[in-house]
Amino acid sequence: MESNNNSSINQTKFVHPNNNNHEQHATLEIESNDFDYSKRSQWLRAAVLGANDGLVSTASLMMGVGAVKQDIKAMILSGFAGLVAGACSMAIGEFVSVYSQLDIEVAQLKRDNERGNNNDEEEEEKESLPNPLQAAAASALAFSIGAMVPLLAASFIKGYKVRIGVVLGAVSFALVVFGLFGALLGKAPILKSCLRVLFGGWFAMAITFGLTKLIGSSGL
């Protein structure tokens, strides 16, 4: 009898962990299925918008300079200046914006603590607080990556018309890639996202090229 009781006890000891593991596995599956993609918005916005801004602004600047001056050196210098200035601007702007958000959330967290919130909830809220330095670095890096596309495309081509065409083609391809990348990460419609980014970039480059050409031809 004692041996039978011991074996039954041992069986129960082995059954419960298996059940718990099964329940935990099911819970993880539910959590993964119910994952909120809006949680990615902070770093996704900084990365995708930073890269897109770097690509479009630098390409537009180079196209604008190229509209009045066909020298390759002028286009490269204008693009490099746009890269440095834009990366610094993005980093500072993102740092100030996220730091303001951090101040608001910290103040709210203090008010919640005064009301006697749970310690576990407090730790979770602290971990979810935004990081201004991380957001600033991500924006500057993403902007620089986007700005390098038109710079590299124009660096090794001396012919003016060919250079303009290669820059336009490289930038268009990169715009589609950025739109696709953002749509996949954010679970957004792929075609709509790609077309929106592509036509927006074309519009910015066309406006910059056209207005600069108009002002340059007027003799101002």
remark   = For 84-95, 203-214, 171-182, ranked highest to lowest by mean beta-carbon neighbours within 10 Å, the order is 171-182, 84-95, 203-214
note = Computed from every Cα-Cα pair in region 125-220, P(r) in 10 Å bins starting at 0 and rounded to whole percents is 13, 31, 33, 16, 6, 1
Alpha-carbon Rg with Dmax, taken over region 40-215, Å = 20.0, 70
Furthest towards positive pole of dipole, 185, 88, 208, structure part region 86-220, Cβ charges = 208
key: Cα convex hull of region 147-201, projected area averaged across orientations, nm²   = 3.8
request  = Please report, in whole Å, how far the alpha carbons of region 126-166 spread along each principal axis, starting with the longest.
outcome  = 55, 13, 9
request  = With r as the distance between the Cβ atoms of residue 133 and residue 77 and R0 = 35 Å, compute the FRET efficiency 1/(1 + (r/R0)^6) and round to 0.05.
outcome  = 0.70
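FYI, it's all coordinate maths here, none of it is from the lab. The model shown is predicted, which means the values in this text are computed figures rather than measured ones. Note that each Cβ is placed from the backbone with ideal geometry, even for glycine, and that neighbours are counted across all protein chains shown.
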